[in-house]
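Since the structure comes first, as structure tokens, the remarks are kept for the end.
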Amino acid sequence: MTAPPQNPNRYLENSVQDLLSLKGRTVVITGAARGLGLAFALAVVEVGGNVAVLDAAEKPHEHYYKIQKQFPDSKLEYYRTDVTKYDVLKASFDSVVKDFGRIDGLVTAAGICPDEPFIERAPESVARCMNINVLGTYYAAQLAAAQMDKQEPTDFNPRGGSIVFIASIAAHVASKGQTTSDYCASKGAVVSLAKALGVELAGKGIRVNSISPGYMVTDMTLELCDKYPWLGDIMQNEPPMRRMGDRTDLKVPVVYLLSNASAYHTSDDILITGGIHAGRLL
């Protein structure tokens, strides 16, 4: 018979602040030049972590430099890469390890959301969506896990690490007013991949979870709502909470999943949707 945990009073010795700290840890975030990914980078440095931002953009949003200046005690570096090209992405991960010394966490926020009718979709367009959203996630997770598995233990991370996939409400329900079949399929794949990897990598001390956000306010969604006001009305009024989410709503959940606060949490998908995954208001 397996012996029970040796210390039932550990809860008295671990404060919430300590559990949520990422001090000393290095987190790689793909797709973090702007949008959700950049908010996650801010969240990590706010709790003492270091961040390697990976993105295809030539340069990051101006807020990146603001964050870098505001948190001089945390290391924040930008790497231009392509998550769909394994060799290019591997070179970027190798550079991160060289510059930071290790990888303790990964957040995969790189993704695109084409909106085109299913019957009219061109194969090249579908392949691009799948390559970025699914293969880009797969490759990044594989590279991060390989590094987590072989690196030396530290006081702040004795073993393994944490991987967080950014999925979507679209993995669970179709998006009203949009034709995003391949996006929905790709995010469904991301949710399933997190569940499978959480089981497979548990023995290595690597936890894998996903977060499925609902409608979130970013520069991109604001531009979309300005262009299609009726779509903005859906995003704002159909969630039971009668509002779109804000990037602020995702910062703590990401930190939670990356930190020791979620040490017994793996192979899960956390829905942060304002309730729309349970039902829509008419």
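Got a sec? Which of V190, V208, V199 is aliphatic (A, V, I, L, M), exposed (fewer than 15 other Cβ atoms within 10 Å of the Cβ) and under 19 Å from the mean Cα position of the chain (by Cα)?
Answer to the selection: V199.
Taking T266, is it of a type in the set (S, T, Y), surrounded by 18 or more Cβ atoms within 10 Å (Cβ to Cβ), in contact (Cβ under 8 Å) with a residue 12 or more places away in the chain and closer than 18 Å to V173 by Cβ?
No: the conditions fail for T266.
Checking M235 against (1) surrounded by fewer than 19 Cβ atoms within 10 Å (Cβ to Cβ); (2) farther than 29 Å from G160 by Cβ, which test does it fail?
Here M235 clears every test but (1).
For the range 62-79, give me the residue count where each residue is surrounded by 17 or more Cβ atoms within 10 Å (Cβ to Cβ) and either under 16 Å from D219 (Cβ atoms) or of a type in the set (S, T, Y) (or both).
5
In the range 148-161, which residue that is within 20 Å of V199 (Cβ to Cβ) and not small (G, A, S) is surrounded by the fewest Cβ atoms within 10 Å (Cβ to Cβ)?
R159
Starting from the range 82-94, keep only residues that are modelled with pLDDT of 95 or more, then list their pairs with residues that are hydroxyl-bearing (S, T, Y) whose Cβ atoms are within a distance under 6 Å, requiring at least 6 positions of separation or different chains.
Final answer for the pair search is V83/T30; Y86/Y139; V88/T81; L89/T81; L89/Y139; S92/Y79; S92/T81.
Out of (1) small (G, A, S); (2) under 26 Å from A91 (Cα atoms); (3) free of Cβ contacts under 8 Å to residues at least 40 places away in the same chain, the odd one out for G205 is which?
Condition not satisfied by G205: (3).
Only helices (runs of 4 or more DSSP H) wholly contained in the range 185-282 count here; list those with 1 or more residues that are under 15 Å from L106 (Cα atoms) and touching a helix residue (DSSP H, G or I) at 6+ places or on another chain (Cβ under 6 Å).
Hits in the range 185-282: 248-258.
Please verify whether the range 177-184 includes one or more residues that are within 14 Å of the chain's Cα centre (by Cα) and small (G, A, S).
No, because not a single residue in the range 177-184 is within 14 Å of the chain's Cα centre (by Cα) and small (G, A, S).
Regarding the range 115-124, can at least one residue be identified that is closer than 25 Å to T221 by Cα, among the aromatic types (F, W, Y) and exposed (fewer than 15 other Cβ atoms within 10 Å of the Cβ)?
Looking through the range 115-124, at least one residue is closer than 25 Å to T221 by Cα, among the aromatic types (F, W, Y) and exposed (fewer than 15 other Cβ atoms within 10 Å of the Cβ).
Going by the structure shown, is D82 within 17 Å of the chain's Cα centre (by Cα), closer than 27 Å to D149 by Cβ, of a type outside the set (A, V, I, L, M, F, W, C) and surrounded by fewer than 23 Cβ atoms within 10 Å (Cβ to Cβ)?
Yes: the conditions hold for D82.
The values are calculated or read from the model by the stated rules, or taken from the named source; none is laboratory data. From a predicted model like this one, the values you see are computed outputs, not experimental measurements. Using ideal geometry, Cβ is built from the backbone for each residue, glycine included, and neighbour counts are taken over all protein chains shown.
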